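First the structure, in the form of structure tokens, and then the observations on it.
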Amino acid sequence: MAESDHLLDLQHLKTYFYTFEGVARAVDDVSFFLDPGEVLGIVGESGCGKSVTAQSIMRLIPQPPGKIVEGRILFDGRDLVRLSMGEMRGIRGNRIAMIFQEPMTSLNPVYTIGNQISEMFRLHMGLGRREGLNRAVEMLKKVQIPAPEKRVGEYPHQLSGGMRQRAMIAMALACDPEILIADEPTTALDVTVQAQILDLMLKLKEDFDTAIMMITHDLGVIAEIARRVVVMYAGRIVEEAETVPLFEDPKHPYTQGLLRSIPKLGRRGAGERTRLVEIKGIVPGLLDLPEGCRFSPRCPQVMGICRKKDPPLGRIGPGRTVRCWLYFDEPGKD
Amino acid sequence: MLTYIIRRLLQGVVVLLAVSLICFVIFRYMGDPVLTLAGRYATQEQIQEVRKSLGLDQPTYVQYVKFLWNAAHGNFGKSYVSRVPALGLILERFPATFELATCAILISLVFGVGFGVLVALRPYAWHSRAIMAGSLGGISMPTFLTGILLIMIFAVYVGILPPFGRGKTVEVGFWRTGLLTVDGIRHLILPAITLSTYQLAVLLRLTRAGMREVMAEEYIKTAWAKGLSPMTVIVKHALRNVLIPVVTMAGLQFGELIAFAIVTETIFQWPGMGNLLLTSIYETDQPVIVTYIMMAAVIIISINILVDIFYAVLNPKIRYD
């Protein structure tokens, strides 16, 4: 029974990597959902499992060493984890599209932009070469690339970083997918270009009615674009909330730390200097995770139980969950 | 592009001049051709006469200019041994070597790239380990040993392929080919395999390394994310990028195969240029040796230019302006 009210529904997803040094639990029991036309932000530091989650949805985990061990990824009444590679290819690019962090290296250097975009039309819609190229010009127009007729014939190295990311977006949206997974799409770009790309994505989301899963470590991007946020730490979700409540009242000490480490304008009173607060310590390696709460070694509010027992992900309000002992009674039961 | 080609051609001319100077020095100062020609029992007058008739009594620079002038007109002098123009002698042998080298490079390209891709995609499968072990043998085994082993197995023990010679040939215009007769092709198989083994192993290793690198690239991830089939991802998106260095390498090797197929040609008594060169060295037939060196230089330079042009076709980042 693969029934779900949501467009995409991850249930207890576990993706592990089997290495010589041991098993890396890159994604460990992650559940969240995505509704049609919604923008969901997934935040966390590098190595927290956010990209692996995205690649698991696309079934792009290199296997071996990686493997989806457990869980379901429900999409349109089907469990993506159980689909054959042939069935999956009909979904990839066509109904769930993905764009990557590095626009510099995400496009194939030996083919023209037009060739790479029209490949989507040829593959998923069975269009011919000429027709596909015409549609590629249209797509380039939609992502606001100037002189699209000229650009289709150009190679990736002839385009700037922002242009390339636009071309990537054009390629991803070519077949009008229901979901767009954006894995740090603006990280490698200049700040001004970042804003343009985010604006473009929001505009296209309306035009194409696409749900967006925005993966980033940049809370500024989240604030700008997402309605709901999932915060991940060391392969797990530590907090989930709507964007505004999360920014106004972060619950998990990790989220609080993340928010304190963003510089803010105008918060500096006269003569008073506020330092940016960092989260002390480093992200634990996935091969030797600490006992108990995975954040406990870095947590400023750590308690005795945190080092012994893993906190559950519990509900503390409408649409709000957090994985922290601060909000739950110590369970003698279990 | 055109200016680039012209520039490369001019560079080629400079290289040829340098080679010609070396050739001239060999021609003039390595042993005295007059003694060889006039014979051991010639009198002083006879020797002087031969010297004069060959123009060897003139000053060195005049001789060099004359040599250049003649070389530019395709006249490299006559073979001391067979008394026919050296260039004609070599050109007559050229088709045999060219066919052998072409077959060898095709074999190494097809199997080198094919196996290279296979090994890169499944590095731990048993067939990959077997291929890699074999390629190590291909790189380290000297050509003459490969040739002799192949003759021993296929010509002597199994007896299905001829051990030497070029077999029946057909003349098509000025070109004498062995590719149009079954006998000719049967004769071609063993030497072509022998000549290809080393190149095959090199191309295999190059393809494997390139393939492993490219398969980890972001744009390959993009290709998978588009929903493309493994065939399209591997051949269209990955292999095309890997081929850029592979084709360059193969092109350069091809020039060397044509110019220096000497060992293989000797083992199989292949009537090609390499075989001719070896005989000429035995007989100190200097005009033939010099012509051969000049020909080799011309072939390698032109193939280099062709490879550069083809490189620009394969790699859009390269535009020669």
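The values are calculated or read from the model by the stated rules, or taken from the named source; none is laboratory data. Please read all numbers here as calculations on a predicted model, not as lab measurements. Every residue, glycine among them, receives a Cβ derived from its backbone with ideal geometry; neighbour counts consider all protein chains shown. Accessible surface areas use protein heavy atoms only, side chains included; no ligands, DNA or RNA. Shrake-Rupley method; radii C 1.70, N 1.55, O 1.52, S 1.80 Å.
A few comments on the model shown:
- Apportionment of accessible area to carbon and sulfur, region A:117-228, percent (1.4 Å): 48
- Computing FRET efficiency as 1/(1 + (r/R0)^6) for B:LEU145 and A:ARG307, where r is the C-beta to C-beta distance and R0 is 56 Å, gives about 0.25.
- Average beta-carbon neighbours from other chains, 10 Å sphere, peptide A:146-158: 1
- Normalised by residue number, the volume inside the convex hull of the Cα atoms of the protein assembly as shown is 251 Å³ per residue.
- Full extension of the chain segment joining B:THR284 with B:ILE26 gains 91.8 nm, where the gain is 0.36 nm per residue of separation less the Cα-Cα distance.
- A Cα-only calculation for region A:130-180 places Rg and Dmax at 10.5, 31 Å.
- For a label point 7 Å along the Cα-to-beta-carbon line of A:ARG320, residues of region A:205-236 with backbone N under 17 Å: A:227-231
- For chain A, size of Cβ-based charge dipole, Lys and Arg +1, Asp and Glu -1, in debye: 560
- Zone of A:ASP5's modelled label, taken as backbone nitrogen in region A:238-255 under 17 Å from a point 7 Å along Cα→Cβ: A:242
- Selection among B:VAL246, B:SER229, B:TYR219 by position relative to the dipole of region B:193-254 gives B:SER229 as farthest towards the positive end (Cβ unit charges, Cα centre).
- Dipole moment magnitude, nearest 20 debye, the protein assembly as shown about Cα centre, only Lys, Arg, Asp, Glu C-beta charged: 640
- Remark: region B:2-72 carries a charge dipole of roughly 340 debye about the Cα centre, counting +1 on each Lys and Arg Cβ and -1 on each Asp and Glu Cβ.
- Label positions at A:LYS203 and B:ARG122, each projected 7 Å from the Cα along the C-beta direction, are separated by 5.0 nm.
- Base-10 log of normalised Debye intensity for region B:97-159 (one unit scatterer per alpha-carbon) at q = 0.13, 0.19, 0.23, 0.26 Å⁻¹: -0.48, -0.91, -1.07, -1.09
- Farthest positive-ward along the protein assembly as shown dipole, Cα basis, beta-carbon charges - from A:ILE113, B:ILE6, A:PRO148: B:ILE6
- Counting only other chain Cβ atoms within 10 Å of each residue's Cβ, the peptide B:233-243 averages 2.
- Inter-chain shielding of A:103-109 (mean C-beta neighbours from other protein chains, 10 Å cut-off): 6
- Lysine-lysine proximity count for chain B, Cα under 18 Å, sequence distance 8 or more or distinct chains: 6
- Signed unit charges on C-beta, dipole axis of the protein assembly as shown, positive-most listed residue B:ALA96, B:ILE189, B:SER128: B:ALA96
- D by Stokes-Einstein for chain B, Kirkwood Rh over Cα pairs, 25 °C, 0.890 mPa s: 109 µm²/s.
- Expected 222 nm ellipticity per residue - DSSP helices of 4 or more, -39500 (n - 2.57), all of the protein assembly as shown, to 500: -16000 deg cm²/dmol
- The alpha carbon convex hull volume per residue for chain A rounds to 162 Å³.
- Cleavage-rule hits (GluC sites (Glu not before Pro)) in region A:1-102: DSSP loop, at most 14 neighbouring Cβ within 10 angstrom: A:GLU3, A:GLU21
- Cα-based reach from A:LYS142 at 15 Å (exclusive), listing aspartates and glutamates while leaving out same-chain residues under 8 positions away: A:ASP176, A:ASP199, A:GLU206, A:ASP207, A:ASP209
- At least 20 Å² accessible surface lost relative to isolated chain, residues of region B:287-321 (1.4 Å probe): B:PRO316, B:LYS317
- Summarising the amide proton neighbourhood of A:TYR233: residues at separation of 5 or more, or on other chains, whose placed amide H is nearer than 5 Å comprise A:VAL238.
- Eigen-decomposition of the gyration tensor built on the alpha-carbon atoms of region A:1-151 gives equivalent ellipsoid semi-axes of 32, 19, 16 angstrom, largest listed first.
- For region B:95-283, taking Cα atoms only, Rg and Dmax work out to 19.0, 66 Å respectively.
- Estimated translational D of region B:219-260 in µm²/s (Stokes, Kirkwood radius over Cα pairs; 25 °C; 0.890 mPa s): 208
- If you look at the Cα atoms of region B:26-137, you get an Rg and a Dmax of 25.5, 77 Å.
- Three semi-axes of the equivalent ellipsoid, region B:2-72, Cα gyration tensor, whole Å, largest first: 35, 11, 8
- Residue with peak Gaussian network fluctuation, chain A [Cα springs, cutoff 10 Å], from A:PRO284, A:PRO62, A:PRO318: A:PRO318
- Counted residue by residue at 0.36 nm each, then reduced by the alpha carbon distance between them, the extension gain from B:ARG186 to B:ALA130 reaches 17.4 nm.
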